[in-house]
Amino acid sequence: MNVSDIFSFAFGTIRSNKLRTGLTISIIAFGIMALVGIITAIKAMNQKFTESFSTMGANAFTIRYKERNIHFGGQGDDIKLSKKGKKKEKKSNLGKIITKDEAELFVKRFNFPSTKSISLFGNRNNLVSYQSKKTSPNVMLFGGDENYLQLNGFSIQKGRNFSLQEVKSGSNVCMLGYDVAKRLFGENVERSVNAIVRVNNIPYRVLGVLESRGSSFGFSRDNLIISTYNNVHKNFPSGYSFVIAVMTNDLIKVNQAMGEAEGVFRPIRKLSTTEESNFTLDKSDSIVEKALNSLRFLTISATVIGLITLIGAAIGLMNIMLVSVSERTREVGLVKAIGGKSQMISRQFLLEAIMISVLGALFGIVLGVMLGNLFSIVLNTGFVVPWNWVFYGIFICTLVGLLAGIYPALKAGKLNPIEALRYE
């Protein structure tokens with residue numbers, strides 16, 4: 001009996017036990033579906049993170065305030081415990097946030113060839129209205145300067161950018177996100193240019209409309225309004241820290257620019273040579289890297305869950321194959337009586353186990369990719385297929401079938417033909 005005969009005989013046996021085979025395949029498919037589905041969803045999240053956080057480009061970085069110590073009480077002074085256990089207050093030698101004066105002084109002193117921008121987050125619960133139409137009270141407000149759009153990946157669909165004079169004077173002018181403009185002016189968003197809208201009942205003249213940037217994790221990135229940082233600081237004092245963004249003209253100069261930026265900003269923050277920097281410099285690609293690193297834990301968790309399920313499936317498959325050996329004892333005895341060899345019988349049972357396991361893998365992979373891409377539809381990313389895990393899944397399930405089928409196959413091959421024929 002050649003390999004094709006063994007294969008067809010094994011396949012026929014699988015087809016004749018549809019219920020048992022179907023249940024076993026379902027167990028294996030569930031494990032692979034959980035594994036591949038979660039990996040597919042994580043890959044879609046990776047893609048979305050990369051799109052969302054890399055708008056500034058790899059040649060840019062930001063300067064943000066970083067709080068180093070735990071603060072207690074309303075004053076926010078640094079508190080440390082003395083050796084006797086009593087509270088000892090340390091007078092803070094720094095401001096709680098990066099202030100407007102500090103940000104502007106940095107831009108003035110930092111002479112490295114680059115594009116610089118100052119920005120300030122206003123709040124996220126603003127209501128924008130035009131005549132009888134108004135938005136929901138969840139519009140985000142940002143303040144920037146003439147370089148803010150460029151350094152944050154925005155493009156103007158209609159209208160113009162802020163002028164330097166408008167930034168310095170803090171006049172009531174703004175740029176509308178696409179969703180806000182569409183809500184107030186319908187499909188003809190260009191009608192919003194030069195119109196007067198009200199932000200929390202404060203009148204603003206619209207300079208332009210931003211191109212749509214889609215959504216991230218179900219949240220629109222176009223539900224916003226941008227004014228100048230001086231205006232936001234004056235009309236919507238929020239207490240948030242100012243952020244400084246820097247973009248160099250050459251990727252290889254980023255580290256040099258970051259070193260020089262730290263050297264310029266430390267005296268502005270009134271730090272001595274022995275003190276740690278009380279601010280942080282973040283490269284735009286490092287933000288993506290941090291986000292992707294946080295997803296690796298989910299990948300590991302998904303792998304562990306999938307492997308545990310597959311271990312259970314392997315035990316179930318081995319049990320079913322042992323039952324199959326017992327049920328087919330007379331069949332094995334008959335095959336041996338007409339000249340069948342023990343090696344051939346062992347191969348048949350082993351092949352059955354591998355075929356059941358691989359069929360479970362194929363169904364699980366298809367279901368997992370479909371399930372994971374439901375998440376990619378929510379995130380508005382392209383169709384994702386984790387090809388490496390597709391091949392890993394097939395390999396793992398083949399190994400599961402091999403390990404689960406070895407003992408039943410050996411047991412079947414060792415059956416005595418005379419005793420097997422007498423088996424009832």
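Bear in mind these aren't lab numbers, they're just calculated from the coordinates by the rules spelled out. Computed from a predicted model, the values in this text were never measured in an experiment. Reconstructed Cβ throughout: ideal geometry from the backbone, glycine too, with neighbour counts over all protein chains shown.
Taking all Cα-Cα distances within region 97-277, those exceeding 29 Å account for 26%.
Neighbour counting of Cβ atoms within 10 Å sorts the residues Glu276, Glu104, fewest neighbours leading, into Glu276, Glu104.
Ordering Ile196, Gly170, Pro267 by the projection of their Cα atoms onto the charge dipole of region 97-277, which places +1 on the Cβ of Lys and Arg and -1 on the Cβ of Asp and Glu, puts Ile196 at the extreme positive end. Sequentially through region 395-401, phi angles give Karplus couplings (6.51, -1.76, 1.60; θ = phi - 60°) of 5, 5, 5, 4, 5, 4, x Hz, Gly and Pro residues having no value and appearing as x. Peptide packing: for 221-229, 200-208, the average count of neighbouring Cβ atoms within 10 Å per residue gives the ranking 221-229, 200-208, highest mean first. Karplus-based coupling profile of region 299-316, in residue order and whole Hz: 5, 4, 4, 4, 5, 4, 4, x, 5, 4, 4, 5, 5, x, 5, 5, 5, x, with θ = phi - 60° in 6.51 cos²θ - 1.76 cosθ + 1.60 and x standing for Gly or Pro. Taking every DSSP bridge with both residues inside region 97-277, close to 75 percent are antiparallel.
Residues Lys18, Lys100, Lys168, Lys43, arranged from fewest to most other Cβ atoms within 10 angstrom of their Cβ, appear as Lys18, Lys168, Lys100, Lys43. Charged side chains reduced to their Cβ positions (Lys and Arg at +1, Asp and Glu at -1) give region 97-277 a dipole of some 580 debye around its Cα centre. Annotation: amide H of Gly214 within the under-5 Å range of Arg221, sequence separation 5 or more or interchain, hydrogens built in the peptide plane.
For the cross-link pairs Lys133/Lys158; Lys133/Lys168; Lys100/Lys270; Lys116/Lys283, which exceed 25 Å when the distance is taken from alpha carbon to alpha carbon? Check vs 25 Å cut-off fails for Lys133/Lys168. Using the Karplus relation 6.51 cos²θ - 1.76 cosθ + 1.60 with θ = phi - 60°, the per-residue 3J(HN,Hα) values for region 22-31 come to x, 5, 5, 4, 5, 4, 5, 4, 5, x Hz, with x marking Gly and Pro.
Counting every other Cβ atom within 10 Å of each residue's Cβ, Arg269, Arg198 order from fewest to most as Arg198, Arg269.
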